[in-house]
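First the structure, in the form of structure tokens, and then the observations on it.
The values are calculated or read from the model by the stated rules, or taken from the named source; none is laboratory data. This one's a predicted model, so the numbers in the text were calculated from it and none came from an experiment. Cβ placement follows ideal geometry from the backbone for every residue including glycine, while neighbour counts extend to all protein chains displayed. Quick note on the areas: whole protein, heavy atoms, side chains included, nothing else; ligands and nucleic acids left out. Shrake-Rupley method; radii C 1.70, N 1.55, O 1.52, S 1.80 Å.
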Amino acid sequence: RLRWEAVHHDVVPHHEFSDLMVRGPMAYWDHRHVFEPDPNDTSIVRDEVDWRLPLHVVSRISAPWTVNRRLRKMFRFRTVRTERDLNRISETAESPRMRVLLSGASGLVGSQLRAFLLAAGHDVLTLRRSSADSAIGGSADITDGDIAGSVVWNDRTGEVLSGSFEGFDAVVHLAGAGIGDRRWSAARKKEIRDSRVGPTQALCAALARCDAPPEVLVSASAVGWYGNRGAELLTEDSAPGSGYLADLCADWETATQEASEAGIRVVLVRSGIVTTPMGGALAKLLLPAKLGLGGPAGGGEQYQSWISLDDEIHAIHHLLMNHSCSGAYNLTAPEPVTQRHFAKSLGRVLRRPAVVPLPSPVVSLAFGEMGRSLILEGQNVLPHRLEESGFSFSHRNLDACLRDSLGRWAD
């Protein structure tokens, strides 16, 4: 991990700014961002980077190969992401902007969703837990500056400590302790459950009591709702599964009932494996895969229902803005794959072999019940209702998703 600190300078509002590295891996880095109007009623974004490597006298000889190639990929990645986000935003440009309350805003999905909603022109406030009496535990690290854009509450009792639940058009509830962060002990399983079911019930009860409740609540769930189902094709009409994760997800979804009864449009998003190197499963797989150790786990025949981070964010926004959408939606790509296929696809993109197997006993020994549930079991889930609602995927194919998210395009 590298620490990069920069200061903004030469700021011309709505036109340009620069950031100068004050601490980081380069000897010098000054990046100027310019935004110019175009005659075709669009904008031109121009980036100018002045940089040097350490030991410039020597390193400038190799710089075209060691840095310029990576810079081109970095800006290609930025261009793709910017164009994709703006195209999605344009789909609802004529709809009124919303005032949104977002929980889990510091998480992998929540942080990116917040940035996207702000870029789309929505007013976003975060729902933060109090530092005491939290269902998840620990401190929420609330500062005076944060409170101005936050609602602070006790997620066990539903008591609002700062701000109000009144006046929001939408609430997106994503908070919860990480399911795959560490081994499941009895205490950890209780912590995971208590961070989801109780706070969801408390939130829905509080929203139902509002004089002006939100029009929509989007509440997180997961494809674990279906349990371990082998190769069976699963849609939102399929029966629930059994086991710890299935029971947890079922209770998590049931906890939203009071909001539904109050007339709030409730959307339950059953997310698959969110595929991004920023965190989650892919981030954990990258190092062994780069070392050529990313082979099939437990035989590799279990299905993995995945979704790119871009599609996860855009699908949530789509469901927020589409007033006819309610109930459960599978947030998974239309082409689920087996774990063996996932491993081979990642190895192909990284140009590494993916043949070294990870036997089931090793998974059980290393990760216990968590490993058996998250690695050795799976679901073959299709996003039937999401596609019926008119949503189009940016990444239907796993190879394209991995190349896009890792910047591993063919030169």
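Residue check: is THR82 in contact (Cβ under 8 Å) with a residue 24 or more places away in the chain and open to solvent by less than 50 Å² (accessible area, probe 1.4 Å)? Before you say what the answer is, go through the steps one by one.
Numbers: in contact (Cβ under 8 Å) with a residue 24 or more places away in the chain: yes; open to solvent by less than 50 Å² (accessible area, probe 1.4 Å): no.
The answer is no for THR82.
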Of the residues in the stretch 106-149, those that are farther than 29 Å from LEU282 by Cβ, surrounded by 13 or more Cβ atoms within 10 Å (Cβ to Cβ) and modelled with pLDDT of 90 or more number 2
Residues that are within 17 Å of PHE393 (Cβ to Cβ), open to solvent by 10 Å² or more (accessible area, probe 1.4 Å) and in a loop (DSSP other than H, G, I, E, B), drawn from the stretch 292-332: ASN322
Report yes if ILE61 is over 30 Å from VAL216 (Cβ atoms) and assigned to a loop (DSSP other than H, G, I, E, B), otherwise no. yes
Output yes when any residue across the stretch 52-70 is open to solvent by less than 50 Å² (accessible area, probe 1.4 Å), modelled with pLDDT of 85 or more and either charged (D, E, K, R) or within 30 Å of SER308 (Cα to Cα) (or both), and no when none is. yes
Which residues, taken from the stretch 146-172, are more than 21 Å from LEU118 (Cβ to Cβ), touching a strand residue (DSSP E or B) at 6+ places or on another chain (Cβ under 7 Å) and assigned to a loop (DSSP other than H, G, I, E, B)? ASN154, ASP155, GLU159
Does the stretch 41-53 contain at least one residue that is farther than 20 Å from MET74 by Cα and outside any strand (DSSP E or B)? yes
Near pairs, Cβ below 8 angstrom, 6+ apart or cross-chain, from the stretch 259-283 (at positive phi) to any residue that is surrounded by 17 or more Cβ atoms within 10 Å (Cβ to Cβ) and part of a strand (DSSP E or B): GLY280/ILE273; GLY280/VAL274
Under 6 Å between Cβ atoms, which residue pairs at least 6 apart in sequence (or on different chains) link something in the stretch 90-108 that is within 25 Å of PRO213 (Cβ to Cβ) with a partner that is modelled with pLDDT of 95 or more and open to solvent by 70 Å² or more (accessible area, probe 1.4 Å)? ARG99/ASP123; LEU102/ARG114; ALA105/ARG114
Check SER389, SER394, SER360, SER373 and return the single one that is open to solvent by 10 Å² or more (accessible area, probe 1.4 Å), more than 30 Å from LEU268 (Cα to Cα), in contact with a helix residue (DSSP H, G or I) (Cβ under 8 Å, 6 or more places away or on another chain) and polar (S, T, N, Q). SER360
Regarding ARG352, is this residue touching a residue at least 40 places away in the same chain (Cβ under 8 Å), part of a loop (DSSP other than H, G, I, E, B) and among the basic types (Lys, Arg)? yes
Residue in the stretch 340-355 that is farthest from the chain's Cα centre (by Cα), counting only those that are surrounded by fewer than 17 Cβ atoms within 10 Å (Cβ to Cβ) and modelled with pLDDT of 90 or more: PRO353
Scan the stretch 248-267 and tell me whether some residue there is open to solvent by less than 30 Å² (accessible area, probe 1.4 Å), among the β-branched types (Val, Ile, Thr), modelled with pLDDT of 95 or more and part of a strand (DSSP E or B). yes
If you scan the stretch 173-198, which residues turn out to be open to solvent by 60 Å² or more (accessible area, probe 1.4 Å), free of Cβ contacts under 8 Å to residues at least 12 places away in the same chain and in a helix (DSSP H, G or I)? ALA186, ALA187, LYS190
Regarding the stretch 157-172, can at least one residue be identified that is crowded, with 21+ Cβ neighbours inside 10 Å and modelled with pLDDT under 95? no
